[in-house]
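Visitor: Below is a structure I'd like to ask you about.
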Amino acid sequence: MDRNKMPSFVDTLLCELVRAEANGKLLLLGLFGDAMLVPSIPIVLASLAFVQRWRPNADERPGTKYRSPLNYEAPASKP
């Protein structure tokens, strides 16, 4: 896989649940905005979903598949 031909990253959406609808659309439930406010840390969530959007490159063929790792880290704690 040539890294120059990778699609362009658009954004990542964070929500509580994602459902695939019969019409081919995704239904995002409980979409978080700029911040995810929680009453305390650590927290247990019933459900959490990440949706990433990518823009295809100019010469990408339909059905092309790519893999991209997802890494997440807790914010650094203050001493």
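The values are calculated or read from the model by the stated rules, or taken from the named source; none is laboratory data. All figures in this text were calculated on a predicted structure; none of them were measured in a lab. For neighbour counting, all protein chains shown are included, and Cβ atoms are generated from backbone atoms with ideal geometry for every residue, glycine included. Only protein heavy atoms, including side chains, enter the accessible area calculation; ligands, DNA and RNA are left aside. Shrake-Rupley method; radii C 1.70, N 1.55, O 1.52, S 1.80 Å.
Visitor: Tell me, which residue of region 25-53 that is assigned to a strand (DSSP E or B) and open to solvent by less than 100 Å² (accessible area, probe 1.4 Å) is nearest to Ser8 (Cα to Cα)?
Guide: First, the residues of region 25-53 that are assigned to a strand (DSSP E or B): 26-29, 49-53.
Adding the requirement that they be open to solvent by less than 100 Å² (accessible area, probe 1.4 Å) leaves 27-29, 49-52.
Values: Leu27: 23, Leu28: 22, Leu29: 25, Ala49: 21, Phe50: 17, Val51: 15, Gln52: 11 Å.
Across region 25-53, the extreme among qualifying residues is Gln52.
Visitor: Would you mind finding the one in Ala35, Ala58, Ala22, Ala49 that is within 25 Å of Pro75 (Cα to Cα) and out of contact with any strand residue (DSSP E or B) (no Cβ under 9 Å at 6 or more places or on another chain)? Don't jump to the end; show me each part of the working.
Guide: Details: Ala58 fails: within 25 Å of Pro75 (Cα to Cα); Ala22 fails: within 25 Å of Pro75 (Cα to Cα); Ala49 fails: out of contact with any strand residue (DSSP E or B) (no Cβ under 9 Å at 6 or more places or on another chain).
Criteria check complete, one pass: Ala35.
Visitor: Which residues, taken from region 54-67, are in a loop (DSSP other than H, G, I, E, B) and touching a residue at least 40 places away in the same chain (Cβ under 8 Å)? Spell out the reasoning first.
Guide: Going through region 54-67, the residues in a loop (DSSP other than H, G, I, E, B) turn out to be 56-67.
Answer for region 54-67, where residues must be in a loop (DSSP other than H, G, I, E, B) and touching a residue at least 40 places away in the same chain (Cβ under 8 Å): Pro56, Asn57, Asp59, Glu60, Tyr66.
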